[in-house]
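Beneath this line is the structure, given in C-alpha cells, with notes to follow.
The values are calculated or read from the model by the stated rules, or taken from the named source; none is laboratory data. Nothing here was measured: the structure is a model prediction, and the numbers come from that model. So basically every Cβ, Gly included, is an ideal-geometry build from the backbone, and we count neighbours across all protein chains shown. Protein only, heavy atoms only, side chains kept; ligands, DNA and RNA dropped before computing areas. Shrake-Rupley method; radii C 1.70, N 1.55, O 1.52, S 1.80 Å.
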Amino acid sequence: MTRLALFDLDNTLIDHDEAFRGWAVEFADDRGLGAVAVERLVALDGHGYLPRETLFAQIKEDFGVEGHVEDLWAAYRRRMPELVRCPREVRDGLTRLRTTGWRVAIVTNGLADNQLGKIRRTGLDEVVDAWAVSGAEGVRKPDRGLFEIAAARAGAGLGAGGWVIGDHPVHAPARSARCGRRGG
Ligand SMILES: [Mg+2]
C-alpha cells in the first residue's frame, strides 16, 4: 500500500514566523519606525493566519502607508521567499521518508507566487513528490479538494489513508479526509 504524508508549508516545513519578523524589521527600518512597530506587525500577522488582504489593509491604515494595498502585498510576496528558511534536517527527513516508500506532498493556502517561491527557494521542490497551492488550484484548506489534488499528483489517493501534518488544528487538516492526524 502506498503511504502518503501531506505537509502544511508555513510554520510546518518552513519558519513563517521568523521570516515574517524579518520582513517586519525591514518594513520598520525603511520607514524609520521602531521596535514597537515590529511587534505590532508580528501581532497583526497572527502566525500567518490573518487573511493577507486584511493584514495589508490594516498595515496601510496603522502606519499610513502611501499607495495601494495591492502593491504593498505584492512587495511582501516578492520578499518573503527570500526570507524563509527550511532547516537541512527537515529536507533530509522528507528525503528519508521518500526513500522508505512514502509519497510526500505539500498542501498550502496562499497565492501561487509567494507559496511556490518559498517552496523553490528553500529547495523543498527537490525533496517532495508534489504540491498543491490554493491560489493556483482555486480551492483552499480545509476543503478536501486541495488534499486530493496533492495526493493525486504524488501518485496516491486519500482513500487509502495517510497523514496530514501541520501547525494548526483548523487551518491545516482535511476535515473530511480519511487521514490520520498528528498535531495541528
Ligand atoms: Mg501552517
Checklist line | The one condition in (1) within 14 Å of the ligand (Cβ to nearest atom); (2) open to solvent by 60 Å² or more (accessible area, probe 1.4 Å); (3) touching a Lys or Arg at 6+ places or on another chain (Cβ under 6 Å) that Arg140 fails to fulfil | finding: (3)
Check: Looking at region 14-65, which of the residues that are among the aromatic types (Phe, Trp, Tyr) and part of a helix (DSSP H, G or I) is nearest to the ligand (Cβ to nearest atom)?
Finding: Phe20
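Mind listing whichever residues of region 124-157 are assigned to a helix (DSSP H, G or I) and among the aliphatic types (A, V, I, L, M)?
If we filter region 124-157 for residues that are assigned to a helix (DSSP H, G or I), which is where we start, we get 124-126, 134-137, 144-153.
Matches in region 124-157: Leu124, Ala136, Leu146, Ile149, Ala150, Ala151, Ala152.
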Margin query: Looking at region 145-160, can you tell me whether even one residue there is β-branched (Val, Ile, Thr), free of Cβ contacts under 8 Å to residues at least 12 places away in the same chain and more than 16 Å from the ligand (Cβ to nearest atom)?
Written below: no
Next item on the list: May I ask you to list the residues in region 92-123 that are open to solvent by less than 50 Å² (accessible area, probe 1.4 Å) and part of a helix (DSSP H, G or I)?
Entry: Gly93, Leu94, Leu97, Ala112, Asn114, Gln115, Leu116, Gly117, Lys118, Ile119
Margin query: Among the residues of region 38-68, what is the count of those that are open to solvent by 40 Å² or more (accessible area, probe 1.4 Å) and more than 16 Å from Phe20 (Cα to Cα)?
Written below: 9
